[in-house]
Amino acid sequence: MKIIKKIFIIAILLIIYTYVLAISSIPNNIIVFQGEDININTIFGIKISKIKNEYETVLTSSEIQTKDLDGVGKTTLKVNLFNTVDVKDVNVSIIPKTTVIPVGTIAGIKLYTNGVLVVGMSEIQGEDSISYKPYENSGIKEGDTIISVDNINIASTKDLVQIVNSSKGENVDIKYLHDGQTLECSIKPTKTNVDEYKIGLWVRDSAAGVGTVTYYEPKTQMFGALGHGITDIDTGELIKISSGEFLTTKVLSIIKGEKGNPGKIQGTVENQKNIGQIYKNTEFGIYGNVSNFTSLNINSAKELDVALREEIKEGKAVILASLDGNKPQEYEVEIEKIYVTNNYDNKSMLVKITDKELLEKTGGIIQGMSGAPIIQNGKFIGAITNVLVNDPTKGYAIFGDMMIKQMREVK
């Protein structure tokens, strides 16, 4: 009898756990295009409804479409359990369908951090020839961001060096970000044998590289690029930026990709023209405003609708890519798989490069091609994001609608 009771209790706990997971997996905020279905996965007993008034439910989760909501703007859906208990609200932003100009131009990227990013730590040899670890027990870890020292905001590594040196070995009070929290600590700098003071932290205040501009939206003069975020090479963390620049770039060379060894486009941003400003670095791309339209080297007559993901089909498509820094060219690809319900990462489609000319030049997808726009049936459908290391002819792409929604969300 006791065994049956235990089994019953365990079963109840598992059921409760399943419902807690299901409810927590429902997003608090959703952005959809007008006319797009709202895809929210639920299990038995969980209902998502649009309430017309206190007594009338007009929609349920099995039939919610934006055409049945209140048009462009914001609305709220109610999540309830067994039509009895309200458990959460889902805020829905409905945005109008838009048109963009697919770009495909290689450009340079410069990002500047909000504060300085800690990328390493090392012992400091003091003037007495003894090694010290000033940072020890401070709580600061690699990947944290130092935002102020002695209540002075830190904008660059130069700022940090100057303030630490001016301390003359007295404790400095540091504010830093760790996992989204602002924390404080105190560190006593060590004096070196060359009359400098150091705290043993390696930091970085900027990052640079090259990538592909995906699209330009004429209505807003905004752009999206890469289809993925820029992470720090040392910490692997998404770089939190205060600002950034998009620049023209000079392509220096192309290293062809092969199995187990991805290729890359090498370029420089030195002495190049400014294209625009970057305001956000996200997991789904970087976004900003264009201030120098002519530098994008695009055809303004090629404005295309952004496809809903339900419109994308397996089969032939083309990408736009500029491998020599000149006008982008079309290259044939094959959409092999489409993950329609994926809203969680930038692996929305599996794409295979089939164009012989592109395969000859690059071996497939290479670093620097991230962001290359994909066009199918006269519509912009997405952008290249990743390469399969063991087969550089294949890689993943993000849905175009995800990039537009992200751009709207972070504006």
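The values are calculated or read from the model by the stated rules, or taken from the named source; none is laboratory data. Computed from a predicted structure; not experimentally measured. Heads up, the Cβs are rebuilt from the backbone with ideal geometry, glycines too, and the neighbour counts pull from every protein chain shown.
Numbers at a glance
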| quantity | calculated |
| --- | --- |
| Pair list, Cβ under 6 Å, 6 or more apart: segment 216-238 residue within 17 Å of residue 141 (Cβ to Cβ) and outside the structural domain of residue 345 (by TED's automatic domain parsing), other residue in a strand (DSSP E or B) and at pLDDT below 90 | none |
| Filter result for the condition that a residue is under 18 Å from residue 404 (Cα atoms), crowded, with 17+ Cβ neighbours inside 10 Å and not basic (Lys, Arg), over 323, 304 | 304 |
| Residue check for residue 337: surrounded by 13 or more Cβ atoms within 10 Å (Cβ to Cβ) and among the charged types (D, E, K, R) | no |
| Subset of segment 22-72 that is assigned to a helix (DSSP H, G or I) and closer than 16 Å to residue 96 by Cβ - its residue that is modelled with the lowest pLDDT | 66 |
| Selected residue [outside the structural domain of residue 36 (by TED's automatic domain parsing), of a type in the set (Lys, Arg) and more than 30 Å from residue 253 (Cβ to Cβ)] from 280, 327, 347, 352 | 280 |
| Matching residues in segment 146-186 - criterion: being part of a loop (DSSP other than H, G, I, E, B) and either of a type in the set (Phe, Trp, Tyr) or farther than 14 Å from residue 117 by Cα (or both) | 150, 151, 167, 168, 169, 170, 171 |
| Selection count where residues are surrounded by fewer than 17 Cβ atoms within 10 Å (Cβ to Cβ) and in a loop (DSSP other than H, G, I, E, B), scope segment 96-134 | 10 |
| Some residue of segment 87-106 being without any contact (Cβ under 8 Å) to a residue 40 or more places away in the chain and either on the phi > 0 side of the Ramachandran plot or not charged (D, E, K, R) (or both) | no |
| Given (1) closer than 23 Å to residue 241 by Cβ; (2) modelled with pLDDT under 90, index of the condition residue 176 fails | (2) |
| Given (1) buried (at least 23 other Cβ atoms within 10 Å of the Cβ); (2) among the basic types (Lys, Arg); (3) under 27 Å from residue 257 (Cβ atoms), index of the condition residue 309 fails | (3) |
| Filtered residues of segment 194-231 (kept if small (Gly, Ala, Ser) and in a strand (DSSP E or B)) | 206, 207, 208, 209, 211, 224, 225 |
| Residue pairs meeting the criteria (Cβ under 8 Å; at least 6 apart or on separate chains; first assigned by TED's automatic domain parsing to the domain that holds residue 81, in segment 15-34; second surrounded by fewer than 12 Cβ atoms within 10 Å (Cβ to Cβ) and in a helix (DSSP H, G or I)) | 34/67 |
| Residue in segment 235-256 that is surrounded by the most Cβ atoms within 10 Å (Cβ to Cβ), counting only those that are part of a loop (DSSP other than H, G, I, E, B), within 24 Å of the chain's Cα centre (by Cα) and modelled with pLDDT of 80 or more | 249 |
| Enumeration of residues in segment 375-396 that are surrounded by 18 or more Cβ atoms within 10 Å (Cβ to Cβ) and without any contact (Cβ under 8 Å) to a residue 60 or more places away in the chain | 393, 394, 395, 396 |
| Test: residue in segment 76-86 that is loosely packed, with under 11 Cβ neighbours inside 10 Å, outside any loop (DSSP other than H, G, I, E, B) and at pLDDT below 70 | no |
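Each row is one residue, and each column tells you yes or no for (1) surrounded by 14 or more Cβ atoms within 10 Å (Cβ to Cβ); (2) farther than 15 Å from residue 240 by Cβ; (3) touching an Asp or Glu at 6+ places or on another chain (Cβ under 7 Å).
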{"residue": "136", "(1), (2), (3)": "no, yes, no"}
{"residue": "158", "(1), (2), (3)": "no, yes, no"}
{"residue": "163", "(1), (2), (3)": "yes, yes, yes"}
{"residue": "182", "(1), (2), (3)": "no, no, no"}
